[in-house]
Each structure stands twice: as structure tokens, then as C-alpha cells.
Amino acid sequence: MRKIFFTLVAMTLLSFNASADESKEAAIRAALSSLNSQVPIVAVADAQFPGLYEVTLASGEKLYVNESGSHFIVGEVYKVQADGRLVNLTEEGKKAGRIEQLASIAPEDMIIFPAKGETKAHMTVFTDTDCFYCRKLHKEMAQINAQGIEVRYLAFPRAGAGSKTQKVMDSIWCADKADQAELFTQAKSGRTIPALSCDNSPVMSQYELGQKMGVTGTPALVLQDGTLVPGYMPAAQLAKMLGVTN
């Protein structure tokens with residue numbers, strides 16, 4: 001939590017959303033800015049429980065602040081349902097933002113493996129060409145597609161800029177669109193692919209988007225309702241989670 005806090009106070013202040021009462025929002029802004037003038041607030045809104053406001057930061061993280069801005073909480077907030085189940089309100093609040101962020105990505109910047117027959121569901125996968133479980137998931141692509149699930153791949157080279165994986169992924173995304181899926185599958189199989197580079201590669205911008213959305217490892221699955229599921233999941237289990245099978 002301390003690491004998150006120091007990350008927050010190191011970034012750049014952005015604009016506000018006037019969804020909270022203006023005077024209270026101004027107080028929150030002033031208090032957080034006095035703590036550090038570069039706290040990157042994107043929006044302030046009423047929290048889903050009384051007494052606090054939800055502050056969304058440019059990183060996608062959320063703070064929960066009192067109306068004067070004198071106290072705030074960094075972390076996840078849960079609600080206990082009447083049946084005893086716990087609902088992660090922080091995660092629920094991030095889903096709509098993820099859907100909006102993914103909708104801004106042009107299909108031609110994704111590597112898409114379409115469903116066989118009727119498309120019943122889709123998911124977006126942040127992936128690395130080298131990770132074991134990324135390769136394991138891709139080996140099941142035929143099964144996943146056969147269930148009516150479309151898979152949309154985005155790049156997430158875990159080692160970051162300048163890494164071998166980033167260069168491999170640049171080679172895939174810079175290739176002719178008609179060749180990308182085959183090159184992607186070859187790379188996932190451990191085969192060497194022709195080295196390519198281009199000025200408009202979306203690989204690192206997709207990596208940065210994944211970080212903002214809370215991706216910390218690969219594969220990371222974003223379901224069509226905005227739920228972020230970290231890690232590998234077998235095809236049959238994916239189909240159940242997406243509501244394609246019982």
C-alpha cells in the first residue's frame with residue numbers, strides 16, 4: 001500500500017468530473033493537492049456507501065476520501081450482501097472503465113481469433129509470446145473458438161520496452177495483417193519469426209494500457225463485462241464463466 005501511495009503522489013494533476021458536489025469536490029482537490037500538487041485526479045464521485053467520495057486517478061486506481069479531503073483510504077472496498085456474499089465494490093467500479101478503454105482500440109490493432117459459427121461471447125487477452133501459460137491458453141484456441149468465443153489479443157511484453165519479447169511482438173504487429181495470426185501462433189510455439197519493425201507498432205501502447213487496467217502478469221483476461229481475470233483458465237471453464245455453457 002505504501003508503494004501505491006508514493007506512486008500516486010508522483011504523477012501529474014488532471015481535470016475533474018463534477019459528479020460530486022462542487023464545493024466538496026473543491027475541498028478534496030485542495031486537500032490532495034496540498035499533500036502533493038501532482039496527484040492525478042481524473043474524477044470525483046459519490047462512493048457506493050455513505051460518508052465517502054470515490055476519487056479515480058489517471059492510473060485507474062481509486063481512493064476513498066472524506067468530504068474535506070483530510071482522510072483517505074487506498075485499497076479495495078467490499079460490501080457484505082444480505083446472503084453473506086462479499087462484493088468487491090472497487091473492482092465493480094473499474095469494469096465500465098475497462099470496457100470503455102478497450103472500445104477505443106481499433107480491431108486492426110488486435111490479433112483476433114474469431115469464433116467458429118455464431119459468436120456467443122468474446123474476451124480480450126493481454127499476452128506475452130514467451131510465458132508458459134500464455135502458450136498453454138493459445139494451444140486451446142481451437143476449443144475456445146469452437147465454443148463460440150472470440151479471442152482478441154493485445155500485447156503485454158512482461159519485460160517491458162527494449163526486451164526480446166517486445167521485439168518479437170513488434171515483428172508480429174508490424175507484419176501484414178493477413179500474416180499476423182499465423183506469425184503469432186508460430187511465436188507462441190517457440191519458432192523464430194522474421195524480424196520486423198515499424199513506427200506505428202501498438203505493442204508498447206497496449207502494454208501501458210494493460211498496466212493502467214491493473215494487468216500485472218500474463219495471460220490476463222478481460223471479459224466482455226469488464227471483469228479482469230488474471231492467469232490461465234481451461235477452455236471448458238472459460239465457456240462456463242462467459243455463460244456459453246452451463
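The single residue among LYS212, LYS188 that is out of contact with any helix residue (DSSP H, G or I) (no Cβ under 6 Å at 6 or more places or on another chain) and charged (D, E, K, R) turns out to be LYS212.
Would you confirm whether or not region 128-140 contains a residue that is on the phi > 0 side of the Ramachandran plot, in contact (Cβ under 8 Å) with a residue 60 or more places away in the chain and touching a helix residue (DSSP H, G or I) at 6+ places or on another chain (Cβ under 9 Å)?
no
Every listed requirement among (1) without any contact (Cβ under 8 Å) to a residue 60 or more places away in the chain; (2) within 30 Å of VAL80 (Cβ to Cβ); (3) among the charged types (D, E, K, R) is met by LYS116 save one, (2).
The residue pairs whose first member lies in region 63-85 and is closer than 19 Å to VAL42 by Cα, whose second member is among the basic types (Lys, Arg), and whose beta carbons are closer than 7 Å, counting only pairs six or more residues apart or on different chains, are GLU67/LYS24. None of ALA178, ALA195 is exposed (fewer than 13 other Cβ atoms within 10 Å of the Cβ), of a type in the set (A, V, I, L, M, F, W, C) and either touching an Asp or Glu at 6+ places or on another chain (Cβ under 7 Å) or in contact (Cβ under 8 Å) with a residue 24 or more places away in the chain (or both) except ALA195.
Selection of first residues in region 87-105 that are under 20 Å from PHE126 (Cα atoms) and of second residues that are part of a helix (DSSP H, G or I), restricted to Cβ pairs under 7 Å at least 6 apart or on distinct chains, gives the following pairs, ordered by first then second residue: GLN101/LEU209.
Where a number appears in this text, it was derived from the coordinates with a stated rule and is not lab data. Being a predicted model, the structure only gives us computed values, none of them experimental. Quick reminder, even Gly has a Cβ in these numbers, built from the backbone with ideal geometry, and neighbours come from all protein chains shown.
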